[in-house]
1. Going by the structure shown, is Leu134 assigned to a helix (DSSP H, G or I) and under 15 Å from the mean Cα position of the chain (by Cα)?
2. Do we have any residue at all in segment 63-72 that's closer than 21 Å to Leu134 by Cβ, surrounded by fewer than 21 Cβ atoms within 10 Å (Cβ to Cβ), modelled with pLDDT of 95 or more and not aromatic (Phe, Trp, Tyr)?
3. I'd like the residue in segment 49-62 that is surrounded by fewer than 21 Cβ atoms within 10 Å (Cβ to Cβ) and either at pLDDT 65 or above or in contact with a Gly (Cβ under 7 Å, 6 or more places away or on another chain) (or both) and, out of all such residues, is farthest from Phe104 (Cα to Cα).
4. Looking for something within 30 Å of Thr148 (Cα to Cα), surrounded by fewer than 17 Cβ atoms within 10 Å (Cβ to Cβ), at pLDDT 80 or above and in contact with a Lys or Arg (Cβ under 8 Å, 6 or more places away or on another chain) - is there at least one such residue anywhere in segment 26-36?
5. So in segment 92-132, with the set limited to residues that are at pLDDT 95 or above and in contact with a helix residue (DSSP H, G or I) (Cβ under 6 Å, 6 or more places away or on another chain), which one is surrounded by the fewest Cβ atoms within 10 Å (Cβ to Cβ)?
6. Can you name the residue in segment 1-25 that is hydrophobic (A, V, I, L, M, F, W, C) and more than 14 Å from Ala45 (Cα to Cα) and is also modelled with the lowest pLDDT among such residues?
7. Go through Phe156, Phe170 for me and flag whichever is in a helix (DSSP H, G or I), of a type in the set (Phe, Trp, Tyr) and surrounded by fewer than 16 Cβ atoms within 10 Å (Cβ to Cβ).
8. Give me the residue from segment 173-200 that is modelled with pLDDT under 80 and aliphatic (A, V, I, L, M) and, out of that set, surrounded by the most Cβ atoms within 10 Å (Cβ to Cβ).
Amino acid sequence: MLTIPISPPNQLTLLRIALTPVFLYYLFSADPVHKQIALGIFVLAAITDWYDGYVARRWGFITRWGKFLDPLADKILTSAAFISFIYIGYAEAWMVWVIVVRDFLMTFLRAYGEWKGKSINTSGFAKTKTFFQLVVIYLFLLEYIVRTDSNLNIQFGWLFDIVASPMIMFVLMFITTILTAITGILYLIYNKKIIFEIFTNQSDGTATEQH
């Protein structure tokens, strides 16, 4: 029977996965306060992402399962947020699916590589992509919370008319989609030798690293 070592970092990672449906439940609740709770849940889940990595490095809890589950949990959470934006009407479906498919494909490639004992590296450009994704998620969530709460809309609606107008939201989403697609393509190009070795169990004694 395949079991997951329940180390403290893995517990936090599993918590992040478990929080995802809770986040969605509160986000789509009719109660405006529940939508604010959804944002708090997303922030809490994001904090566990940072903290479980810190705990794993600080106390030596780095495991193969952790290397697989941690990025997977991240993609489950962020993908749930992006997909929810389709139903809210804040993002076009094709953009979201480019992001979701790319992120899960790259995550599984990295995880499988780690499982086979070969590291597939990401680049600083990929970190820029992640930054843009988080900016979009937090901005869209705040916009949604403000617009669905009459009191908040009265107080802060004017601000989001400026920083989160439909045109700005489209542009941010478009930039995020392009960055995500480009980093995915570069990821495959710069790591093609290692990816080939992983799936063929062959090695030429060299390692390919994305810069």
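1. On the way: assigned to a helix (DSSP H, G or I): yes; under 15 Å from the mean Cα position of the chain (by Cα): yes.
Yes; evaluated as a whole, the condition is true for this residue.
2. no
3. Checked segment 49-62; the qualifying residue farthest from Phe104 (Cα to Cα) is Trp50.
4. Yes.
5. Checking each candidate, the answer is Ala93.
6. Going residue by residue through segment 1-25, those that are hydrophobic (A, V, I, L, M, F, W, C) are 1-2, 4, 6, 12, 14-15, 17-19, 22-24.
The next check asks that each one be more than 14 Å from Ala45 (Cα to Cα); those that pass are 1-2, 4, 6.
On the way: Met1: 45, Leu2: 50, Ile4: 54, Ile6: 65.
Checking each candidate, the answer is Met1.
7. Numbers: Phe156 fails: surrounded by fewer than 16 Cβ atoms within 10 Å (Cβ to Cβ).
Criteria check complete, one pass: Phe170.
8. Here the answer is Ile194.
The values are calculated or read from the model by the stated rules, or taken from the named source; none is laboratory data. Bear in mind the structure is a predicted one, so any value in this text is a computation, not a measurement. Here Cβ is always computed from backbone atoms with ideal geometry, including for glycine, and neighbour counts include all displayed protein chains.
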